[in-house]
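All remarks here apply to the structure that follows.
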Amino acid sequence: MGVTAGSVLNRLLCDKGHLTKPSNPTTVKAITSKILTYLDSGHLPKAVSILFASPFPFQFSLYAHLFQLCSSNRAILEVRKVESHLVTFSPIPPIFLLNRAIEAYAKCGSLGDARELFEEMPQRDGGSWNALITAYSQTGNPEDAFGLFIKMNRSGFLPNEITFASVLGSCAAVLALWLSRQIHAVIFKYGFNGNVILGSSLVDIYGKCGVMRDARGIFDEIQNPNDISWNIIVRRYLEMGEGKEAIIMFFQMFVAAVRPLNFTFSNALVACSSITALEEGMQIHGAAIKMGFENDEVVLSSLIDMYAKCGELENACAIFDQPKSKNLISGTSIVSGYAMSGQTWKAREFFNEMPERNVVTWNAMLAGYTHYFQWEEALNFIFLMVNTTKNIDQVTLGLILKVCAGLSDVEMGKQVHGFIYRHDFCSNIFVGNGLLDMYGKCGYLKSAKTVWFHQISQCRDRISWNTLLSSYARHGRSELAMKIFCEMQLEETPDEYTFAILLAACANIFALEQGKQIHGFMIRNGYTMDSVVRGALVDMYSKCHSIEYAIMVFKERASRDVILWNSMILGCCHNYKGREVLKCFGLMEDEGIKPDHVTFRGVLHACTYEGFVELGRQYFDSMTNEYGIIPRLEHYECMIELYSQWAYMDELENFVKNMPFDPTVPMLTRVLDACRRHGCLRLGQWAAQRLNE
DNA sequence: GTAGGGTTAG
């Protein structure tokens with residue numbers, strides 16, 4: 001251990017004999033210039049080591065300079081030497097220099113030295129308090145910083161801007177909203193409310209605490225918000241899920257003529273991805289180039305990710321091909337972009353050619369396979385991953401569990417469970433919920449319950465409850481689901497997702513009364529009926545053959561997206577109201593809503609019920625020709641059903657023999673059945689032969 | 001001379 005601040009100071013105070021020595025200008029001057037030479041060549045320890053060659057004090061500015069250099073170099077031993085020289089040879093060291101020493105100790109990570117020097121100082125000023133409060137605040141000791149702040153006030157020192165900034169920093173670290181509001185009031189009282197830094201800090205805290213209205217109010221009152229202030233407000237909107245507002249504020253920066261930081265560009269671009277605002281993203285791209293960010297690695301990576309997430313893979317790749325763009329992060333963005341747009345094959349090709357990958361890259365690829373239900377590929381990839389890299393984290397485990405659930409492979413799920421147990425991922429809520437979901441989807445409700453009580457009982461959240469509910473609902477245990485819902489309300493507020501699960505549970509067992517009760521509960525408790533919930537309601541009412549109620553919910557509000565239209569269309573299908581389906585399809589188009597593959601499933605079903613064979617064929621053709629939707633397996637199944645049921649045997653034969661893929665077993669069975677019923681030998685023989693193959 | 005934000009990918 002070196003000499004601590006306090007002990008040197010004590011020696012100084014007890015033994016003042018050598019303090020009366022006169023200074024020697026020539027010695028001091030010579031050593032100063034030697035020290036400066038060392039500093040110029042970057043030799044801080046050497047410079048400090050010759051301090052004691054002079055038994056006289058140096059100019060104060062030299063000490064200040066040395067403390068600053070020690071801080072940036074984290075050179076604790078040198079701080080001690082400089083302080084030692086200062087207090088040994090200056091009769092009364094100026095307070096500001098000792099404050100610098102406190103700051104230097106703190107920057108070097110030694111709160112002990114900082115505190116000791118503070119305690120032993122013969123005299124303190126407000127700056128000394130500030131230095132120590134900042135020291136505690138910046139080293140992650142917010143409680144101590146608050147304590148010192150109170151002590152400072154009691155000792156009769158008035159806090160200034162610096163004090164408030166430090167204390168607010170601690171408030172932000174522990175989200176102390178209530179304390180922040182009080183300090184906000186005091187700041188106002190002292191007239192510091194025009195201060196940009198304090199204003200920005202308050203915006204930061206209110207934003208972090210989720211009260212964006214207050215945050216925005218303060219932001220609007222800052223007279224000249226600077227780049228950091230703008231960065232904070234954009235970032236906070238983004239974090240609160242208000243991507244649109246974040247982008248609006250970003251463009252406001254240009255009106256205010258403040259040059260954005262590269263991080264602000266990055267935040268704004270993430271905001272664009274979050275709401276797939278490609279148009280705005282491209283404008284930001286243009287602005288970035290105009291303002292000279294075309295070689296900024298952070299901005300380039302963010303641009304690549306924005307284009308990839310918005311489905312513009314060509315643009316993303318074009319930027320990636322620029323020399324400054326190629327790195328692990330942007331490469332991972334490309335993999336993720338291809339994977340999550342369904343082009344898993346391209347993603348894999350790119351993945352295989354990457355010079356380096358990390359766990360995020362691997363997860364991005366795996367997420368693509370799971371998202372598109374490519375279980376076989378996912379499984380092979382998992383084996384490759386386990387054999388290639390030791391890096392598996394909670395995201396990987398969550399995805400692997402998703403694969404187990406998708407394949408209903410509970411044996412593999414149990415093995416993963418063992419791995420989770422052995423590698424101490426048990427306390428991770430993300431993994432815990434994944435386990436719960438896996439057992440639930442595999443129908444192992446008992447195991448799900450064990451996970452529930454023994455693994456996540458301490459840390460369960462709303463997602464855990466929803467997962468448990470949906471595993472009971474999926475297996476027709478509706479009454480139990482309702483009971484669990486009652487328990488849930490004791491510790492979590494249900495969300496829209498909860499109700500969608502419950503309504504689906506009711507629909508599955510045709511529990512109209514309970515469905516109505518949930519509907520009423522939501523209305524009484526002021527839940528927003530978003531399109532997911534309205535879809536679940538339409539679905540429940542139509543499955544329970546209360547089509548009038550379904551229509552009522554459907555017509556309630558004007559905003560209807562494709563999902564809600566689909567719910568209504570499938571609801572009509574359930575009630576064998578084929579003509580209504582086709583009517584809906586027309587109205588939907590009038591509203592400007594583009595039909596998707598689910599819509600066409602409903603439409604083709606409707607044509608089957610009503611016997612509109614020719615119309616059904618026209619709709620099927622229009623999918624590719626007019627709407628750009630590639631027919632899926634289920635649409636081919638619908639057409640086979642349509643022709644089979646209405647005995648259009650020539651059309652059936654032509655259709656089934658010209659599909660772009662081999663007919664599946666259920667398809668051939670259906671064809672064979674139709675041939676038997678309508679006496680079509682040739683096609684029947686063909687189907688039987690294909691079945692035997 | 002002391003004070004604030006942020007690190008893009010799953």
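The values are calculated or read from the model by the stated rules, or taken from the named source; none is laboratory data. All values derive from a computational prediction rather than experimental measurement. Backbone-built Cβ (ideal geometry, glycine too); neighbour counts: all protein chains shown. Each accessible area value is taken on the protein alone, full model and side chains, heavy atoms only, with ligands, DNA and RNA left out. Shrake-Rupley method; radii C 1.70, N 1.55, O 1.52, S 1.80 Å.
For segment A:339-382, pairs of C-alpha atoms spaced more than 18 angstrom apart make up 16 percent of the total.
Rounded to the nearest whole angstrom, the semi-axes of the ellipsoid equivalent to segment A:90-234, taken from the Cα gyration tensor as √(5λ), stand at 29, 15, 14, largest first. Just to verify a number: FRET efficiency for residue A:244 and residue A:26, C-beta to C-beta distance, R0 = 56 Å, to 0.05? The calculated FRET efficiency here is 0.20. Working from Cα pairs under 8 Å separated by at least six residues, relative contact order for segment A:647-692 is 39 percent. A DSSP coil position with no more than 16 other Cβ atoms inside 10 Å describes the following trypsin sites (Lys or Arg not before Pro) in segment A:51-143: A:74.
Converting the Cα gyration tensor eigenvalues of segment A:357-489 into ellipsoid dimensions via √(5λ) gives semi-axes, longest first, of 27, 16, 12 Å. Restricting the chymotrypsin sites (Phe, Trp or Tyr not before Pro) of segment A:571-641 to loop positions (DSSP other than H, G, I, E, B) with no more than 16 neighbouring Cβ atoms within 10 Å leaves A:576, A:627.
Expressed in Å, the radius of gyration and Dmax of the Cα atoms of segment A:537-628 are 12.6, 36. Dividing the C-alpha radius of gyration of segment A:583-630 by 2.2 N^0.38 Å, with N its residue count, gives 1.08. Sorted from longest to shortest, the spans of the Cα atoms of segment A:164-242 along the three principal axes equal 34, 27, 19 Å. Placing R0 at 41 angstrom, the Cβ-Cβ distance between residue A:524 and residue A:630 gives a FRET efficiency of 0.40 after rounding to 0.05.
With the charge dipole of segment A:647-692 set up from +1 on Lys and Arg Cβ and -1 on Asp and Glu Cβ about the Cα centre, the Cα lying farthest toward the positive end among the listed residues A:667, A:684, A:656 is that of A:684. The accessible area of residue A:375, taken with all protein chains in place and a 1.4 Å probe, comes to roughly 50 Å².
Placing +1 on the Cβ of every Lys and Arg and -1 on the Cβ of every Asp and Glu, with nothing else charged, gives segment A:435-486 a dipole about its Cα centre of roughly 80 debye. Extension gain for residue A:651-residue A:495 works out to 51.2 nm (0.36 nm per residue, less the C-alpha to C-alpha distance). Using R0 = 51 Å, the C-beta based FRET efficiency linking residue A:561 and residue A:150 works out to 0.40. For residue A:68 and residue A:659, the difference between the fully extended length at 0.36 nm per residue and the C-alpha to C-alpha distance is 205.1 nm.
For residue A:372, the accessible area of its heavy atoms, probed at 1.4 Å with every protein chain present, is near 90 square angstrom.
The trypsin sites (Lys or Arg not before Pro) of segment A:357-407 that DSSP puts in a loop, and whose beta carbon has at most 15 other beta carbons within 10 Å, are A:390. The charge dipole of chain A, taken about its Cα centre with unit charges on the Cβ atoms of Lys, Arg (+1), Asp and Glu (-1) only, comes to about 1840 debye. With both labels modelled 7 Å from their Cα along Cα-to-Cβ, the residue A:692 to residue A:552 distance reads 5.9 nm. Counting heavy atoms of the protein chains alone, residue A:313 has an accessible area of about 10 Å² for a 1.4 Å probe.
Sorting A:559, A:622 on solvent-accessible area from highest to lowest, probe radius 1.4 Å, gives A:559, A:622.
The alpha-carbon of residue A:29 sits under 21 angstrom from the alpha-carbons of these lysines, leaving out residues fewer than 8 places away in its chain: A:21, A:46, A:81.
Computed over the alpha carbons of chain A, Rg followed by Dmax gives 34.8, 124 Å. Taking a straight Cα-Cα cut-off under 18 Å and skipping sequence neighbours fewer than 8 places away in the same chain, the aspartates and glutamates within cross-link reach of residue A:346 are A:305, A:312, A:314, A:321, A:356, A:376, A:377. Computed on the Cα atoms alone, the convex hull of segment A:647-692 gives a volume of 60 cubic angstrom per residue. Ranking A:656, A:386 by solvent-accessible area of protein heavy atoms (1.4 Å probe, all protein chains present), from largest to smallest, gives A:386, A:656. Residues whose amide H comes within less than 5 Å of that of residue A:596, counting only those at least five positions distant or on another chain, are absent (H built at 1.01 Å from N in the peptide plane).
Remark: for residue pairs A:107/A:151; A:208/A:414; A:543/A:594; A:208/A:309; A:107/A:189; A:326/A:390, the C-alpha separation exceeds 30 Å in A:208/A:414; A:107/A:189. Which percent of the accessible heavy-atom area of segment A:647-692 goes to carbon and sulfur, probe 1.4 angstrom? C and S atoms contribute 49 percent here.
Note on surface exposure: A:670, A:632 rank A:632, A:670 by accessible area, highest first, 1.4 Å probe.
The length gained on full extension between residue A:345 and residue A:43, counted as 0.36 nm times the residue separation minus their Cα-Cα distance, comes to 103.2 nm.
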